[in-house]
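What follows is one structure encoded as structure tokens, with my remarks underneath.
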Amino acid sequence: MTAEARTDRESMEFDVVIVGAGPAGLSCAIRLRQHNPGLSVCIVEKGSEVGAHLLSGAVLETRALDELIPDWREMGAPVKTAVTKDRLLLLTKNRAIPMPAPPQMHNRGNFIISLCNLSRWLGDQAESIGVEIFPGFAAAEILYDDTGAVRGVATGDVGLDRDGKPSASFEPGVELLARQTIFAEGAHGSLTKQLIEKFDLRKDSDPQTYGLGVKEIWKVAPEMHREGLVVHTIGWPLDNWTYGGSFLYHMEDCQVAVGLVVGLDYENPHLSPFEEMQRFKLHPAIRPTFEGGKRVAYGARALVEGGFQSLPKLTFPGGLLIGDTAGFLNVPKIKGNHMAMKSGMVAAEALADLFRIGNVTEATSYPERLKRSWLWTELKKVRNIRPGFKYGLYQGLVNAAFETATFGLAPWTLKNQADYAQLKKLKDVAPIDYPRPDGTITFDRASSVWLSNTNHAEDQPCHLRLKDPAIPVDVNLPEYGEPAQNYCPAGVYEIITDDDGRPKFQINAQNCVHCKTCDIKDPSQNIIWTVPQGGDGPNYPNM
Ligand SMILES: Cc1cc2nc3c(=O)[nH]c(=O)nc-3n(C[C@H](O)[C@H](O)[C@H](O)COP(=O)(O)OP(=O)(O)OC[C@H]3O[C@@H](n4cnc5c(N)ncnc54)[C@H](O)[C@@H]3O)c2cc1C
Ligand code: SF4
């Protein structure tokens, strides 16, 4: 253990500790026990229960699930709503032009699911074969041994006051020690970020790039519901230079999942993904779906868009990365769940072998196995499609058609650039005038956040940390209008006026829905998202 090891924490020892009970972490745990039932495997999850922090579209390609649990149908997996029809629309302000869906977006054979529900079911399957899952515990710290290898994680202390001092209810975190620690934190993991820096994992790769997905679930009027219908749109309300698109998935029981994903490489600091999502619903081709309906859930989450060229080195002494925190998402397909699951399974297979021969320092066979799997081929083939959109929507579509027709065999690989560096200064952009919410189809942030059921105990250190508290007002405000006020989909950041009439940066941390956008998009890279007290955050029922 490192020199700063604490003596007040209890420790528990496992063969494998997994951080994050999303599809990647759960599939990895199940595969580990399937291949080697003797291994002790534990998952630590910051949500109050498995699924509470998960947000996806979601249309599921079942390829990985078929491999993991072949009889998932007979076993009652919540994967029931088969896709019946795909539509792709190009929106202008007043028109919706039907487009041929590219092969990647064909969803015949896929299912519309709730990732929360699927993950709860996977959690049950994992526990039934001996995996220990600890929901409500956030991994707050990485533990290293004397050689510098990862030795496990520590969960956060509970009962610290706002200044970080122990209160009467203080309980120290627990050290979860392992021979291998697997990070499955989803897009832009807070511990993964530290690992990437410590082990220089991005030395040979492009920066990761992201999109922010703002999602709602509606109970719509029965006459507007077509179970199994999948609609995607591109174009309006985003301009030609802003990447993104929407999805409408008609689930069971008159529910429609609707979301807008905005590429976080957008340039205009006035842009608000939340407001774009609200005005998207006002389009004449979209609005009728929601008329007479009721919004029942709201949430937001970043997703990885960098693809193949942004994959970091995946292993380091004592651990490895799987799922979105590593960067496995097929952007043209708008699907990452099958890749998250597959990467977890491949990592598990590599580790199970290493445990068998007793050599578990660094699982270098994991990336080697991945390279031989369908995941690698699939991701490599589409690597140039997303970065092609930096030249604009129509140029991006032409490039996408070329890449698809040539099966991604072009001898070049387009580069990705960091999202935060793409923001232009106020003087170089035009303001955006968003319509006021009508309270029927469109809403404000406060009523939206309420539907996310997010909750953070007031009396705890702020989990949104500023490297330099002066930057929001001294740098970000004059140069960019402090864009955190616009990009945060939960209204966490505000510029208010203090008693002396000076601008003040206010952080309403209790509203945070853990989307990670502030840590990604802040132009000064001054905001550090850390885990709050375990169990705090959104409580999504079926996102
Ligand atoms: C708006 C949107 C739409 C999408 N649509 C689709 C779709 O239609 N089809 C599809 O296949 N994919 C879709 N995706 C992508 C898909 O959801 C992801 O690829 C997938 O969820 C990644 O799985 P994961 O297990 O890597 O991470 P996640 O699903 O993000 O799970 C990570 C888990 O780790 C936990 N965690 C994180 N940090 C810690 C910590 N320090 N301590 C403890 N726990 C921690 C989190 O609470 C979470 O439960 C979509 C994503 C978004 C955002
Ligand atoms: S504070 Fe950051 S992580 Fe939380 S909701 Fe806002 S942008 Fe997302």
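The values are calculated or read from the model by the stated rules, or taken from the named source; none is laboratory data. The structure displayed is predicted, hence computed values, not measured ones. In this analysis, Cβ positions are derived from the backbone assuming ideal geometry, glycine residues included, and neighbour counts consider all displayed protein chains. All accessible areas refer to the heavy atoms of the entire protein, side chains included, with ligands and DNA or RNA removed. Shrake-Rupley method; radii C 1.70, N 1.55, O 1.52, S 1.80 Å.
To the nearest 20 debye, what is the magnitude of the charge dipole of the chain about its Cα centre, counting +1 on the Cβ of each Lys and Arg and -1 on the Cβ of each Asp and Glu?
Numbers: 56 positive and 66 negative charges, 426 e Å.
About 2040 debye.
Counting only protein heavy atoms and using a 1.4 Å probe, what share of the accessible area of segment 425-478 belongs to carbon plus sulfur, as a whole percent?
Roughly 55 percent of what the probe reaches on segment 425-478 is carbon or sulfur.
Quick check: net charge around Phe170, other residues with Cβ under 15 Å of its Cβ, Lys/Arg +1 and Asp/Glu -1? Walk me through the intermediate numbers first.
Details: positive: Arg6, Arg9, Arg162, Lys165; negative: Asp8, Glu10, Asp157, Asp161, Asp163, Glu171, Asp459.
Once positives and negatives cancel, what remains is -3.
Counting only protein heavy atoms and a 1.4 Å probe, tell me what percentage of segment 3-64's accessible area is made up of carbon and sulfur.
On the way: 960 of 2090 Å².
Using a 1.4 Å probe with all protein chains present, segment 3-64 comes out at 46 percent carbon and sulfur.
Heavy atoms only, 1.4 Å probe, whole protein assembly: order Tyr540, Tyr480, Tyr420 by accessible area, highest first.
Ranked from most to least accessible, the order is Tyr420, Tyr480, Tyr540.
Taking the Cα centre of segment 1-136 as origin and charging only Cβ (+1 Lys, Arg; -1 Asp, Glu), how large is the dipole, in debye to the nearest 20?
Here segment 1-136 has a charge dipole of around 1040 debye.
Report Rg (one decimal) and Dmax (nearest whole number) for segment 166-306, counting Cα atoms only, units Å.
Reported Rg and Dmax, both Å: 20.0, 57.
Dipole size in debye (nearest 20) for segment 319-379 around its Cα centre, Lys and Arg Cβ +1, Asp and Glu Cβ -1?
Dipole magnitude for segment 319-379 comes out near 200 debye.
Pick out, in residue order, every one of the trypsin sites (Lys or Arg not before Pro) in segment 152-236 that is DSSP loop and has at most 10 other C-beta atoms within 10 Å; say none if there are none.
Lys203
Which whole-number percent is the relative contact order of segment 40-197 (Cα, under 8 Å, 6+ apart)?
The normalised contact order for segment 40-197 reaches 25 percent.
Which Cα, out of Ala405, Gln485, Thr440, lies furthest along the positive dipole direction of segment 377-523 (beta carbon charges, K/R +1, D/E -1)?
The residue sitting farthest along the positive end of the dipole is Ala405.
For segment 1-119, what is the accessible area per residue in Å², given a 1.4 Å probe and the full set of protein chains?
42
Using the heavy atoms of the protein chains alone and a 1.4 angstrom probe, what is the accessible area of segment 176-295 per residue in square angstrom? Kindly include the intermediate steps, with their values, before the conclusion.
Numbers: 3810 Å² over 120 residues.
Here the per-residue accessible area is 32 Å².
Taking 2.2 N^0.38 Å as the expected size of a compact globular protein, what ratio does the Cα radius of gyration of segment 206-263 give against it, to two decimals?
Ratio of Cα Rg to 2.2 N^0.38 Å: 1.32.
Output the Cα-based Rg and Dmax of segment 19-139 in Å, rounding Rg to one decimal and Dmax to a whole number.
17.5, 61
Could you compute the FRET efficiency for Thr364 and Thr404, with r as their C-beta to C-beta distance and R0 at 35 Å, rounded to 0.05? Working shown, then result.
Values: r = 33 Å, r/R0 = 0.95.
FRET efficiency, Thr364 to Thr404: 0.55.
With an 8 Å Cα cut-off and a minimum separation of 6 or more residues, compute the relative contact order for segment 366-425 in percent. Write down the numbers at each step before the final one.
On the way: 37 pairs, mean separation 18.2, N = 60.
Relative contact order here is 30 percent.
If each DSSP helix of 4+ residues adds -39,500 (n - 2.57) and the sum is divided by the residues in the chain, what number results at 222 nm, nearest 500 deg cm²/dmol?
That comes out to -6500 deg cm²/dmol.
With a 1.4 Å probe and all protein chains left in place, how much accessible area per residue does segment 396-543 have, in Å²?
48
Determine by what factor the alpha-carbon radius of gyration of segment 429-543 differs from 2.2 N^0.38 Å, reporting the quotient.
My calculation over the Cα atoms of segment 429-543 gives 1.12.
Projected area of the chain, taken from the Cα convex hull and averaged over every viewing direction, in nm²?
24.9
All other residues with a Cβ under 11 Å from the Cβ of Val17 taken together, and with Lys, Arg as +1 and Asp, Glu as -1, what is their net charge?
Values: positive: Arg151, Arg179; negative: Glu13, Asp15, Glu132, Glu175.
Net charge in that neighbourhood comes out at -2.
Normalised by the number of residues in the chain, what is the relative contact order in percent for Cα pairs under 8 Å and 6+ residues apart?
Relative CO of the chain lands at 20 percent.
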